[in-house]
Protein chains: 2
Amino acid sequence: MTNDARERILTACEQTIARAGIRGFRMQDVASTAGVSIGLLAYHFGDRDGLLQAALDHVTERAADRATHSADATTAATRLAALLCSEFGRDPEIRAGSIAWNELRALAVFEPAQAAAVARSTAAWQRTVHELIAEAVQDRGGDLDPAAAALILTALVEGLSGRWLTGQVTVEEAQVSVREAIRGLGL
Amino acid sequence: MTNDARERILTACEQTIARAGIRGFRMQDVASTAGVSIGLLAYHFGDRDGLLQAALDHVTERAADRATHSADATTAATRLAALLCSEFGRDPEIRAGSIAWNELRALAVFEPAQAAAVARSTAAWQRTVHELIAEAVQDRGGDLDPAAAALILTALVEGLSGRWLTGQVTVEEAQVSVREAIRGLGL
DNA sequence: GCGGCAACTGAAACTGTTTTCAGGATAGGC
DNA sequence: GCCTATCCTGAAAACAGTTTCAGTTGCCGC
């Protein structure tokens, strides 16, 4: 039951963050959503910061998983496009993850501890993109610097993600933009 | 004196948001920074939300101004690069504006009123970029769709801005990336 | 069945922040 | 000089949220 409760609390945290952001994150909401008492949050995670930290670790862990397990398309360029476009989608889980990630990034501007976690996670993702680009460049030739291109593409996806979450672009528009940028870089 | 005080309060708001984010935004901090009593904030702006709203309007207004008044370089492509790169810089004011904008964008995910303001402001900026691209395309020729390129470049700048504020890239790296992307798109 | 331990509860205490409000200062019109 | 309106103050009250803690439950080994 212990792990069950922990897991339920962390899931409730994600839902709460997706619904209201970190600013609107209330321990009471989390407890209610998870169907446990507020005291249990403290029992398992110490204080609000500990809970938030655990929840955010949970989110980034699952995001890292998703990034890894989406590789079975044919060419490197196709896999690259699929990986980057998987950040957008109608699936509520994708949106929730994206919102959590967005909040986390905003938080990181003021909290060095968060900044380190964000940086580590971003670097891992960018490295995956880097490798795919290097592979694609080998296929097609070209004078592109894979590291520079990886920075551009991942930053672009983050920017588009902000636009998408605020309703400024649709999923399709974001994905088209990503593909166009990949093409623009000569891949 | 009235407008003086109002203006000082709004400036203090920006500094406070830049220092601590919207979650760390304390009316008392604002009052101290502006050198006025906390009661005066209520007198002029009603409540916390009213103050925050006014401060954010103030930020977007000035951001729009800055975007408009930076046009005197030679070619359209040069002006485009200058405009986009002006989002990054060591000047504390640029950083503060960027942080405030970053916070505002994160807030907009949950507050439709903010989302509308952000969308309007972003659209204006993107339109400026669009026009510069159209001009540059005329100069050089090419099959680029200026609207699509404007979306890509502005979203890229927003993504890089997040990386910069969290210390993941330097001002120079961000600017180099922007220039490289412009070049990649064939401008 | 008893002792002890881990999971769990929720109301009360506490902390930090915002809002209110009675009133003080200043300037301008009469 | 007096009256009034506007700007402004800051302490007190109200509020929102987190943390604590004394106590309950149920399980497991003995």
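Throughout, read-outs are computed from the coordinates displayed, never taken from laboratory work. Just so you know, these numbers come straight off a predicted model, no measurement behind them. No Cβ is skipped: glycine too gets one built from the backbone with ideal geometry, and neighbour counts run over all protein chains shown.
Of note:
- Summed side-chain charge close to A:Leu151 - residues other than A:Leu151 whose Cβ falls under 15 Å, Lys, Arg +1, Asp, Glu -1: -3
- Label spacing, shortest first and in nm, from A:Ala119 to its equivalents in the remaining copies (7 angstrom along Cα→Cβ): 3.6
- Length gained when the stretch A:Glu173-A:Arg19 is fully extended (0.36 nm per residue, less Cα-Cα span): 53.1 nm
- Rounded tilt (10° steps) of B:171-184 against the dominant C-alpha axis of chain B: 40
- Between copies, the label points at A:Pro92 (set 7 angstrom from Cα along Cα-to-Cβ) are spaced 4.6 nm, reported in nanometres from shortest to longest.
- Label distances, nm, B:Ala147 versus same residue in remaining copies, Cβ-directed 7 Å point: 3.8
- Helix-derived mean residue ellipticity, 222 nm - over the protein assembly as shown, DSSP H n ≥ 4, -39500 (n - 2.57), to 500: -26000 deg cm²/dmol
- Computing FRET efficiency as 1/(1 + (r/R0)^6) for A:Glu61 and B:Arg26, where r is the C-beta to C-beta distance and R0 is 41 Å, gives about 0.75.
- Charge tally around B:Glu173: other residues with Cβ under 12 Å, Lys/Arg +1 each, Asp/Glu -1 each, net 0.
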